[in-house]
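Engineer: Pasting a structure below so you can have a look.
Throughout, read-outs are computed from the coordinates displayed, never taken from laboratory work. Bear in mind the structure is a predicted one, so any value in this text is a computation, not a measurement. Here the Cβ positions follow ideal geometry from the backbone for every residue, glycine too, while neighbour counts run over all protein chains shown.
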Amino acid sequence: MWDQRYQGDEFAYGTEPNSFLQQNAGLLAGPVLCLAEGEGRNAVFLASLGLDVLGVDGSAVGLAKARKLAAAKGVVIRTEVADLATYAPPENFFGSVVSIWAHLPGRLRQRLHRLAEHSLRPGGIVLLEAYAKAQFARTTGGPGDLDRLMAREEIEQEFPQCEPILSREIEREVVEGKYHTGLASVVQFIAKKKT
Ligand SMILES: C[S@@+](CC[C@H](N)C(=O)[O-])C[C@H]1O[C@@H](n2cnc3c(N)ncnc32)[C@H](O)[C@@H]1O
């Protein structure tokens, strides 16, 4: 389904970074692991700040476009095609983990977040934005599946070794390509791994 969505020259979520990431990028240190990176807009943005970035996604088509976007912007990113249901990042390695609209089934998300936390070095940062459960009633983006939508409390529990810097559910206007446009209920989470 994702390879199909990413066919063609158009970027499904645009080429500009996610605005929550953009506003908070100053908190991040490299190397950065970008989960469910898709067509690369966020990884390319972070690379343009001088960060070493690895984008992981299940779509080879999406990541090929990500590398093209990086080349067009004069930056380098690393990419890895992997199923996040089984992906195991290296432990104690990354300065930051970024997860933007990465909507796995709850059980797989819990597994991924546990491993993502292990992959952070002490003092490392996790930054996540995702559609909240309240988004289920809206048609402005995100999966129409409650199990894949997130709750702030769940995310806090899934990163027990991280101290929240910001953790909230809000409504905001999302303008990120044709699939994500309009007023939306989102979870925003930034936390620092305990040292
Ligand atoms: C809504 S897109 C978001 C892409 C990107 N984070 C962005 O904000 O532009 C969701 C991404 O999750 C990826 N994805 C979904 N399930 C996955 C899985 N099990 N393993 C790897 N990637 C997955 C899709 O390929 C897709 O690129």
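Engineer: Run the quick spin-label model on residue 140 and residue 60: label points 7 Å from Cα toward the beta carbon, then report their separation in nm to one decimal.
Structural biologist: With each label placed 7 Å out from Cα toward Cβ, I get 3.7 nm.
Engineer: For a distance above 26 Å, tell me the whole-number percent of Cα pairs in the stretch 2-193 that qualify.
Structural biologist: Details: 4359 of 18336 pairs.
Tail of P(r) above 26 Å: 24 percent of Cα pairs.
Engineer: Among the DSSP beta bridges whose two residues both lie in the chain, what percent are antiparallel, rounded to the nearest 5?
Structural biologist: Working: 20 of 39 bridges.
Of the beta bridges lying entirely in the chain, close to 50 percent run antiparallel.
Engineer: What's the exposure ranking of 131, 179, going from fewest to most Cβ atoms within 10 Å?
Structural biologist: Numbers: 131 23, 179 14.
Neighbour counts put them in this order, fewest first: 179, 131.
Engineer: Students often forget the sequence filter, so: which lysines lie under 25 Å Cα-Cα from residue 73 once same-chain residues fewer than 8 apart are removed?
Structural biologist: Result set, ordered by chain and number: 65, 178.
Engineer: Here's a follow-up. Using alpha-carbon pairs under 8 Å, 6+ residues apart, how would you state the relative contact order of the chain in percent?
Structural biologist: Values: 434 pairs, mean separation 38.0, N = 195.
Relative contact order for the chain comes out at 19 percent.
Engineer: Next question. For every helix of n ≥ 4 consecutive DSSP H residues, a contribution of -39,500 (n - 2.57) applies; sum these over the chain, divide by its total residues, and give [θ] at 222 nm rounded to the nearest 500 deg cm²/dmol.
Structural biologist: Values: 6 runs with 53 residues, N = 195.
The per-residue figure over the chain is -7500 deg cm²/dmol.
Engineer: Continuing with the same structure: Just subtract the alpha-carbon distance of residue 7 and residue 156 from 0.36 nm times their residue separation and send over the number in nm, one decimal. Walk me through the numbers on the way to the answer.
Structural biologist: Numbers: separation 149, 0.36 × 149 = 53.64 nm, distance 3.53 nm.
Working it through step by step, the gained length comes to 50.1 nm.
Engineer: Could you compute the FRET efficiency for residue 171 and residue 81, with r as their C-beta to C-beta distance and R0 at 41 Å, rounded to 0.05?
Structural biologist: 0.75
Engineer: Before anything else, pin down the relative contact order of the stretch 101-162: Cα pairs under 8 Å, at least 6 apart, normalised by residue count, whole percent. Walk me through the numbers on the way to the answer.
Structural biologist: Working: 49 pairs, mean separation 26.1, N = 62.
Relative CO of the stretch 101-162 lands at 42 percent.
Engineer: Between residue 15 and residue 27, what length comes free when the chain is fully extended (0.36 nm per residue of separation minus the Cα-Cα distance, one decimal in nm)? Before the final figure, lay out the partial values.
Structural biologist: Numbers: separation 12, 0.36 × 12 = 4.32 nm, distance 2.16 nm.
Once the chain is fully extended between residue 15 and residue 27, it gains 2.2 nm.
Engineer: Which order do the peptides 167-175, 96-104 come out in when sorted by mean C-beta neighbours inside 10 angstrom, highest first? Mind dumping the intermediate values first?
Structural biologist: Numbers: 167-175: 14.7, 96-104: 23.7.
Peptide ranking by packing, descending: 96-104, 167-175.
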